[in-house]
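Below is one structure, written out as structure tokens; comments come after it.
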Amino acid sequence: MLHDLISAVKGIGGDMFVGKEDFRFEVSNDLGFLHPSEFAIIHKILSIGTHYKKITNFCNTYDIVRINTDKKYRCGLYLSSLASALHKTARSFHTTVVELEYRLLSDPHLPLSELLLTLQPTAPLLAALSSLVTQIEEKNVHGCMILEVLHKHTANSVAHVKQVLMWVEQEVHSVLFDQLTHWLLYGLLLDPHEELFIHITTDTDAPSEVQEMDALSLEGLECPKMNPECKLRLEMLPSHIPLAVAEKILFIGEAILVFEREARKENDVADTASVSSHSGQVLKSREEEFKGLIQALGQEPTFSILQFSQVIETVRHCVSEELWKIVMDAGLVTELGNLKAVFLLGRGELYQTLIPSITPFLRNSSPSANFDGLFQLAGRQVLLEEEMLEKFALSLKIVPTAQATPVRGQPDKSWRNLKLEYHSKWPLHKLFTPSVQDKYNSIFTFLLDVRRAQFRLQQLWITQMRTKFHRKSEADRLQWTLRHHMSLLIDNIQYYLQVDVLESQHWQLITEIGKTRDYQQLVRAHHNFLVSVSAQCFLNNTMVSNSLQQLLKLVHKFCSILESVFSNESKDRNAPLRSAIALNVQPVLSSAEQIKKLNEAFERAAAYLFFVLSNLRLHQGSQYTSQLIMRIDYNKYYSNNTTVRRFKSPLDAL
């Protein structure tokens, strides 16, 4: 019986100790020769054997890395490493059982209590390992999440069990450190079973034979049609690794992957046979140093998040500084100046030439017009550098069919659909991504609307000056007064945008770039620049943004009315006087009524804007709100205006 009991402890059942599917053993006591006390001892011994059998079954299942994925069993490097570590840990128990067998052979009358006394010291460890295995299998834990389960079990253990689990955790962490070594130093993601918390996706338009390649290999990433996108998989991130550290890991590997791949593409280097022949473009001579730091982490008896974070930060700082040098050598400051000149209307003479050239096409609803050609022509007329012009392209955004046809004579919607594209060169393409260009375009649309309103008012003033001696009616004086008020307000808003916002924020951006030698801080400074410009243009404040849009609509409506009147009068000068009178009496009267209503609406809209800004300053106290109020109310006109206290909706009268 004792031999059968020892066999059962090793996981081998028999006639007396029958093994079940859940790794338990059932004692067959049909003859009834076991005493109840013996029965209790046997159950304690068999419970130890149950834990051992569960552990060995896990080890036998996952100790070999499976290349072909089995639906029943998940495969992976972390599972294999854990199984290997548990197998080594269970050897001590197996050795104890073998020694017990030798003692039993030499002494056939060995009591049951002696067996229990010999095996009992191993029970806590086997129970802890069995609990670990059960949790992993029942919850189907995979990849890096195994580290989280291990870390929690280790933290909740004591004495000898804690020491063993610490060693097991160190063994499994070696897989993570090996993957991080390749990712952090070479930009290679060696993760065939998708176990790491970093994932690389590629374009779906790549050829099928390329998609079947190992997408994580350096050769696969050399395909020009495969644009890798790196992202974090938070569901695979262990809780004891902070998100900030994971983001640094992602940044380091992605930077090396993208920048070195693009550098090789720029240099037309085709040989990708070995990793070492192309590594070191970013980390240069410090690869061995960083490799030693990562290997030292794997040799530590415990996983220290403090040491781990310090090593990652050391590598990140080096990579970030090297990338800063790369983008600065590529002329970042010059490119930011170009973006300011075009996207942020820094070169006002460009749009002074462009606006009148594209107005007829937008007014006549001609989406097929060559807007980029007109943009390039306007740039050459104001002597912009050819190299700078080639980086920008102007187009009309495609809108849904239901909204594609604007109302004839009201091209304002078409103006908002104008879009600038910026073609950045390597390595600045990672800084000026499509999402960043979308932010620039939203600012550009607003600034262009303000600049166009200012331009139309200026052109209207020129026309009025040419005919001032022939226009002395009350309606004419109202036109002059309203145009003057509109020009004054729009000019002040334009001055605020150009001087207080754009010039100031651009100067701060250039200053921040000059102070840092860190690429990530540089990206953060550029992001803060766009956020600050959008906020100070009130693009994120619905009430102020709507108020400004209503003002601009009124200005464009006023300009459209007077442009139509002056156009009709110009045509009528070539006709007989009687015909001119017959044709123009009613339109002039109609336009006079419209101008009167526009004047009332504009006063309310301006008062409403001042009211909203005043409330915003009162509740939020932002400096740029006070700055805009100071610009538009420098002579206290709106502060003393009673309309501010009794305004209605700006377009109620229209």
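Things to note:
- Between GLU512 and THR95, residue separation times 0.36 nm minus the direct Cα-Cα distance comes to 143.6 nm.
- Protection proxy ranking for 438-450, 169-181, 299-311, using the average of other Cβ atoms within 10 Å per residue and placing the highest first: 169-181, 438-450, 299-311.
- Packing-based order for 498-511, 285-298, 451-464, using average beta carbon neighbours within 10 Å, highest first: 451-464, 498-511, 285-298
- Gain on full extension, evaluated as 0.36 nm per residue between SER626 and THR334 minus their Cα-Cα distance, stands at 101.9 nm.
- Accessible area per residue, Å², the range 468-553 with all protein chains present, probe 1.4 Å: 49
- Remark: the range 52-177 carries 49 Å² of accessible area per residue (probe radius 1.4 Å; ligands, DNA and RNA excluded).
- CYS59 exposes around 0 Å² of accessible area when a 1.4 Å probe is run over every protein chain in place.
- FRET efficiency, 1/(1 + (r/R0)^6) with R0 45 Å, evaluated for LYS291 and LEU530 via beta carbons: 0.75
- All other residues whose Cβ lies under 10 angstrom from that of PHE558 are scored, Lys and Arg at +1 and Asp and Glu at -1, for a net of +3.
- With DNA, RNA and ligands ignored, accessible area of TYR496 (1.4 Å probe; Å², nearest 10): 0
- Inter-site label distance for GLU390 and SER47 at 7 Å from Cα along Cβ, in nm: 8.0
- Exposure of LYS413 as accessible area (Å², to 10), given a probe of 1.4 Å and all protein chains: 140
- At an R0 of 30 angstrom, the distance between the Cβ atoms of ASN140 and SER304 translates into a FRET efficiency of 0.55.
- Cross-linked pairs LYS397/LYS597; LYS430/LYS515; LYS88/LYS231; LYS152/LYS248: Cα-Cα separations exceed 29 Å for LYS397/LYS597; LYS88/LYS231.
The values are calculated or read from the model by the stated rules, or taken from the named source; none is laboratory data. Small disclaimer: the values here were computed from a predicted structure and weren't measured. Quick reminder, even Gly has a Cβ in these numbers, built from the backbone with ideal geometry, and neighbours come from all protein chains shown. For the accessible areas, the whole protein counts, side chains as well, though only heavy atoms, and no ligand, DNA or RNA atoms are used. Shrake-Rupley method; radii C 1.70, N 1.55, O 1.52, S 1.80 Å.
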